[in-house]
Amino acid sequence: MRVQKLSLLVVAAVAGLSLTACSGSDSGSSGKSDSSAPSQSTGSQDSGTQSTGGSGGGAATGKGTSTGTGAGQAGTNGGAAVGGGSGACKTSQLAFSTSGGMAEGELIVNLKNTGSATCALKGFPGADLKSKDGSTSAKRSSVAPVLVRVKPGEETRFTLHYPPNNSGGTGETFTTLVVTPPNETHSHSLPVSVNVPVTDGSGGAITVDPVGTGK
């Protein structure tokens with residue numbers, strides 16, 4: 001009887017240990033499941049945030065590239081409209097000279113491109129005549145401006161018209177012509193000898209044609 005009681009106690013103890021072991025195993029499994037679930041959820045949210053940010057950055061970069069290209073095209077079109085791909089002639093790249101016109105009362109002003117690239121001129125030049133008594137600015141004629149492209153080494157010209165002095169008097173003699181090319185702010189001075197009659201303002205005016213017109 002004593003042996004049987006001990007055996008029953010041993011069996012009961014073993015059974016208790018087995019139940020405890022099973023319970024511990026279930027608890028551990030539940031703990032792993034709980035810890036893994038939040039980890040996966042957090043990883044999914046981070047991935048979503050990065051994806052959204054990457055997409056937004058790509059869209060912004062794409063827009064920026066498009067805008068830059070548009071600006072580049074706009075710049076090219078603007079240049080073509082002004083000079084057909086040629087930049088405006090600068091005073092510093094032009095050589096100035098004068099010659100007699102086809103008729104009395106005309107002065108031809110020649111503009112030679114001394115630069116290394118073709119440049120363009122369009123419009124009326126500034127033309128100011130100076131004498132010892134003062135100065136006068138030529139008025140624009142009614143001739144329509146044209147676009148002129150001047151290659152390196154080539155020249156174009158414009159005509160200055162003035163009333164010749166046939167009055168028999170000494171008149172007024174202009175000794176300097178200050179020329180400002182179209183679309184420029186820098187001028188160049190030329191020695192000239194332009195003699196006009198002294199009038200009360202009712203005589204002929206001094207006028208200038210656009211660059212590239214006339215002969």
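First check a/c for the range 114-159, with a ≥ b ≥ c the square roots of the eigenvalues of its C-alpha gyration tensor; if it is under 1.5, answer rounded, and if not, answer prolate when a/b is larger than b/c or oblate otherwise. Oblate, since a/c reaches 1.5 and b/c is not below a/b. With 0.36 nm allotted per residue and the present C-alpha distance subtracted, the Ala205-Ala103 stretch has 35.1 nm of extension available.
Using a/c under 1.5 as the rounded threshold, could you call the range 94-215 rounded, prolate or oblate? The axes a ≥ b ≥ c are square roots of the C-alpha gyration tensor eigenvalues, and prolate needs a/b larger than b/c, oblate otherwise. Because a/c hits 1.5 or more and a/b exceeds b/c, the range 94-215 counts as prolate. Whole-Hz Karplus values for the range 111-116 come out as 10, 10, 7, 9, x, 9 Hz, taken residue by residue from phi with 6.51 cos²θ - 1.76 cosθ + 1.60 and θ = phi - 60°; glycine and proline positions read x.
Note on Thr91 and Ala117: with the Förster distance fixed at 22 Å, the Cβ-Cβ geometry gives a FRET efficiency of about 0.90. Per residue, the range 122-215 exposes an accessible area of 56 Å² to a 1.4 Å probe, with every protein chain left in place. Measuring from a point 7 Å past the Cα of Thr175 along Cα-to-C-beta, which residues in the range 128-155 have an amide N at less than 19 Å? Residues 128-137 fall inside that zone. For the range 90-215, the number of Lys pairs with C-alpha atoms closer than 15 Å, counting only pairs eight or more positions apart or on separate chains, is 7.
The values are calculated or read from the model by the stated rules, or taken from the named source; none is laboratory data. Because the structure is predicted, anything quoted here is derived from the model rather than measured. Glycine gets a Cβ as well: all are built from the backbone with ideal geometry, and neighbour counts include every protein chain shown. Heads up: the accessible areas ignore ligands, DNA and RNA and are worked out on the full protein's heavy atoms, side chains in. Shrake-Rupley method; radii C 1.70, N 1.55, O 1.52, S 1.80 Å.
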